[in-house]
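Values quoted throughout were computed directly from the atomic coordinates according to the rules given, and no laboratory measurement underlies them. Just so it is clear, the structure is predicted and the values come from calculations on it, not from any experiment. Here the Cβ is made from the backbone with ideal geometry for all residues, glycine too, and neighbour counts use every protein chain on show.
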Amino acid sequence: MTDKSQPIIILKNVDKHFGHVKAVNNISLEVMPSEVVVVIGPSGSGKSTMLRCINHLETPTAGQIVVDGKVLSHKGKDINAIRREVGMVFQQFNLFPHLTALENVVIAQTVVRGRSKQEADRVARQQLDRVGIPEKADVYPGQLSGGQQQRVAIARALAMNPKIMLFDEPTSALDPEMIKEVLDVMMQLAEEGMTMVVVTHEMGFARNAADRIIFMNEGGIVEEATPDVFFDNPKHERTKLFLSQILH
Amino acid sequence: MASTDTPSRNRRGTFIDTLSGLPWWFFIILLGALFLAYSFFVDETYSDIFIFLKDGVAMTIRVTLTGYALAVTIGLMTGLGRVSKNPVLYNVATIYVNIMRGIPILVNILYVAFVVTPPAINGINVLGDWLAQINLLGPENVLAVLSVRQVDFSVRGTIALAISYGAFEAEIFRAGIESIGRGQMEAARSLGMSYVQAMRYIILPQAVRRVLPPLGNDFIAMLKESSLISVLGVRDMTQLSKLYAASSFQYLKTYTLLAFMYLVMTVLLSIGVKSMERRLSTND
């Protein structure tokens with residue numbers, strides 16, 4: 001059971017270095033259940049690396065990460081147990097091309113969650129319905145548009161009943177006219193109370209969906225505020241500069 | 001403009017294009033096959049040789065099929081070792097691949113047959129005695145009483161071929177696995193799959209599809225190289241031809257027929273591989 005008054009994600013002084021490059025530098029962050037945190041910042045500021053540390057796709061160089069009350073150690077089974085509870089959506093979708101949309105959503109349920117084929121099938125169709133493409137169940141990813149692929153990827157993550165969803169620039173690889181369909185699904189998720197950490201350049205989404213916005217630069221958190229304060233009264237010079245460059 | 005005002009030359013051009021596009025190589029081989037088939041009827045020597053070689057065909061096919069199945073199994077295991085982050089697995093696999101790729105197959109066949117097999121059988125005997133001592137098997141069990149002479153040279157040759165080819169297949173599997181983007185593994189792991197589950201359900205199914213054509217080519221290569229085990233006296237197509245030619249002095253006819261039999265088998269197989277390649281590429 002998740003305690004609603006305790007943070008579900010805790011990052012304590014997390015560092016991630018690639019050789020001499022400090023991609024993430026001493027970041028501390030807490031995310032509460034049902035909170036939607038949007039992370040923005042210039043490219044190379046360590047947003048994605050920080051996000052990937054949360055489910056250990058990157059192993060932090062130093063610091064502590066606690067997800068859903070469990071401390072992420074460096075080895076083995078615990079990490080798989082955590083990842084089960086943390087859904088992730090990638091910039092490049094990363095659908096499995098040898099499986100149909102339905103099978104993409106089914107496979108981890110049967111292999112990881114141990115659900116029966118019928119049960120997994122039922123959940124998968126439900127999730128495809130939720131993201132608005134039930135009719136594409138038997139189509140292979142190669143025949144889907146980018147927006148549809150990303151929605152299947154979201155359904156795939158949701159089918160595992162995660163407590164947290166991580167989005168790593170989910171709309172950056174999409175054609176402009178497909179961005180909205182993906183953002184709509186994410187907005188709906190946020191309204192349903194999903195805990196979300198979203199790395200994005202979509203300022204409209206940040207303003208409307210976020211409970212809190214985090215602005216990162218050079219591996220560190222520069223500013224943290226509610227959307228209203230962040231967009232209308234940013235405190236730091238670096239934030240003002242960034243906003244002046246993207247909001248034209 | 002110049003291309004539109006000379007329709008007759010264009011037509012001739014397309015006619016020549018069509019002609020040159022035909023699989024002439026196949027027709028010529030077919031012609032040779034027909035000539036040989038004809039010779040069968042008019043020249044009794046050929047049918048005589050063929051009848052003599054028939055058992056060798058079965059041996060060649062058996063050695064190739066079992067050797068190849070073993071080689072692919074070894075190759076898959078070793079290929080997984082080559083991409084493994086575990087330093088022991090990686091280094092063991094890499095040592096094996098590098099040694100085997102550097103030794104001629106013929107030398108490896110001699111080495112396995114005469115150098116490795118005797119002590120290996122000794123080891124099996126010791127294992128059998130030990131199993132008898134702890135009462136898992138009877139005192140005179142198969143493992144304990146196995147003698148070196150019972151292990152046929154065809155078996156030794158097959159194992160040697162499998163060990164040599166296993167290294168080639170391993171590199172094919174490695175390349176196939178590495179050709180699957182990093183995102184696939186990340187997506188699988190992010191859903192909670194273990195490394196082994198991700199390999200089994202996500203990476204390998206995609207990798208195997210990509211490596212089927214090169215694996216098929218190696219099957220053809222192995223069919224040809226299986227002729228090397230004739231140095232052990234294994235009665236395959238090649239060995240029987242040697243025997244026939246030496247006793248009848250019909251070198252030309254014997255070796256022509258032998259070469260042609262290999263050719264027919266490999267051409268048929270390569271047509272199979274080609275069509276598989278085509279089917280797989282349309283599925284992508």
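Output the relative contact order of the range A:112-156, whole-number percent, from Cα pairs under 8 angstrom with separation of 6+ residues. Please list the in-between numbers first.
Working: 21 pairs, mean separation 19.6, N = 45.
Relative contact order, the range A:112-156: 43 percent.
What does the average come to when, for each residue of peptide B:191-199, you count the partner chain Cβ atoms lying within 10 Å of its Cβ?
For this peptide, the per-residue mean of nearby foreign Cβ atoms is 6.
Compute from the Cα atoms of the range A:19-94 the Rg and the Dmax, the latter being the longest Cα-Cα distance, and quote both in angstrom.
12.9, 36
In whole percent, what relative contact order does chain B give with Cα contacts below 8 Å and a gap of six or more residues?
Contact order relative to length: 26 percent.
Across every pair of different alpha-carbon atoms, what Kirkwood hydrodynamic radius in Å does the range B:114-241 reach?
One over the average 1/r among Cα pairs gives 18.3 Å for the range B:114-241.
With springs connecting C-alpha atoms under 10 Å apart, model chain A as a Gaussian network and identify which of A:GLN149, A:GLN109, A:GLN64 has the largest mean-square fluctuation.
Fluctuation is largest for A:GLN64.
Could you work out the relative contact order of chain A? I mean the mean sequence separation of Cα pairs under 8 Å and 6+ apart, divided by the number of residues, in percent.
Relative CO of chain A lands at 26 percent.
Compare A:ALA23, A:ALA62, A:ALA206 in a GNM of chain A, Cα atoms joined below 10 Å, and give the one with the largest fluctuation.
A:ALA62
Between B:ILE180 and residues 5 or more places away or on another chain, which pairs have amide H atoms under 5 Å apart, with H built 1.01 Å from N, and which residues are they?
none
Pick from A:MET203, A:MET165, A:MET88 the residue whose mean-square fluctuation is largest in a GNM of chain A, springs joining Cα atoms under 10 Å.
Checking each option, the largest mean-square fluctuation is seen for A:MET203.
So what is the calculated 222 nm ellipticity per residue for chain A, using -39500 (n - 2.57) for each DSSP H run with n of 4 or more, over all residues, to the nearest 500 deg cm²/dmol?
After summing the helix terms and dividing by residue count, I get -11500 deg cm²/dmol.
Within 10 Å of each residue's Cβ, count the other Cβ atoms and sort B:TYR255, B:TYR165, B:TYR201 from fewest upward.
Final ranking by Cβ density, sparse to dense: B:TYR255, B:TYR201, B:TYR165.
Rounded if a/c is under 1.5, else prolate if a/b is larger than b/c, else oblate: which is the range A:1-155, with a ≥ b ≥ c the root eigenvalues of its Cα gyration tensor?
Prolate, since a/c reaches 1.5 and a/b exceeds b/c.
Report the longest stretch of chain A that contains none of the trypsin sites (Lys or Arg not before Pro) sitting in a DSSP loop with at most 14 other Cβ atoms within 10 Å.
Working: sites that count: A:LYS4, A:LYS75, A:LYS235.
It works out to A:76-234.
If you plug each phi of the range B:254-269 into the Karplus form 6.51 cos²θ - 1.76 cosθ + 1.60 with θ = phi - 60°, what whole-Hz ³J(HN,Hα) values come out, in order, with x for Gly and Pro?
Coupling constants for the range B:254-269: 5, 6, 5, 5, 4, 4, 5, 5, 4, 4, 4, 5, 6, 5, 4, 5 Hz.
Within 10 Å of each Cβ in A:110-116, how many Cβ atoms from other chains are there, averaged over the peptide? Write out the running numbers ahead of the final one.
On the way: counts 1, 10, 7, 2, 0, 0, 0.
Rounded to a whole number, the mean comes out at 3.
Cα convex hull of chain B: how many Å³ per residue?
224 Å³
Shape of the range A:83-139 from its Cα gyration tensor (a ≥ b ≥ c, root eigenvalues): rounded if a/c is under 1.5, otherwise prolate when a/b > b/c, or oblate?
rounded
Which FRET efficiency value, to the nearest 0.05, is calculated for B:ALA69 and B:SER39 with the Förster distance at 30 angstrom and r the Cβ-Cβ distance?
Details: r = 36 Å, r/R0 = 1.19.
The formula returns an efficiency of 0.25 here.
Each residue of the range B:44-57 in turn: what ³J(HN,Hα) in whole Hz from Karplus with 6.51, -1.76, 1.60 and θ = phi - 60°, glycine and Pro shown as x?
Once rounded to whole Hz, the list reads 5, 4, 4, 5, 4, 4, 4, 4, 5, 7, 3, 5, x, 4.
What does the helix-only formula give at 222 nm for chain B: each DSSP H stretch with n ≥ 4 adding -39500 (n - 2.57), the total divided by the residues, and the result rounded to the nearest 500 deg cm²/dmol?
The helix contribution divided over chain B gives -26000 deg cm²/dmol.
Can you work out the base-10 log of I(q)/I(0) for the range B:219-284 at q = 0.12 1/Å, using the Debye formula on its C-alpha atoms alone?
Once normalised to I(0) and log-transformed, intensities are -0.42.
In Å and from the alpha-carbon atoms only, list the Rg and Dmax of the range B:22-159.
Cα radius of gyration and Dmax of the range B:22-159 are 22.6, 69 Å respectively.
Could you list log10 I(q)/I(0) for the range A:132-206 at q = 0.12, 0.23, 0.26 Å⁻¹, which the Debye formula gives when each Cα is one point scatterer?
For the range A:132-206 at q = 0.12, 0.23, 0.26 Å⁻¹, log10 I(q)/I(0) is -0.31, -1.16, -1.42.
With each label point set 7 Å from Cα along the Cα-Cβ vector, what nm distance links A:LYS4 and A:ARG122?
2.8 nm
Hand me the GluC sites (Glu not before Pro) from the range B:169-202 located in a DSSP loop with no more than 11 other Cβ atoms within 10 Å, in residue order please.
Working: sites: B:GLU169, B:GLU171, B:GLU178, B:GLU186; in loops: none.
Qualifying residues, ordered by number: none.
Just round it to a whole percent: the fraction of Cα-Cα distances in the protein assembly as shown exceeding 38 Å.
51 percent
Got a sec? How would A:GLU103, A:GLU135, A:GLU119 order by Cβ neighbour count within 10 Å, fewest to most? Intermediate values should be presented prior to the final figure.
Working: A:GLU103 18, A:GLU135 10, A:GLU119 14.
Listed from fewest to most nearby Cβ atoms, that is A:GLU135, A:GLU119, A:GLU103.
If you count, for every residue in A:94-106, the Cβ atoms of partner chains within 10 Å of its Cβ, what is the mean? Don't skip to the end; give the middle numbers.
On the way: counts 10, 3, 8, 7, 10, 4, 0, 0, 0, 0, 2, 0, 0.
Per residue, the average neighbour count from other chains is 3.
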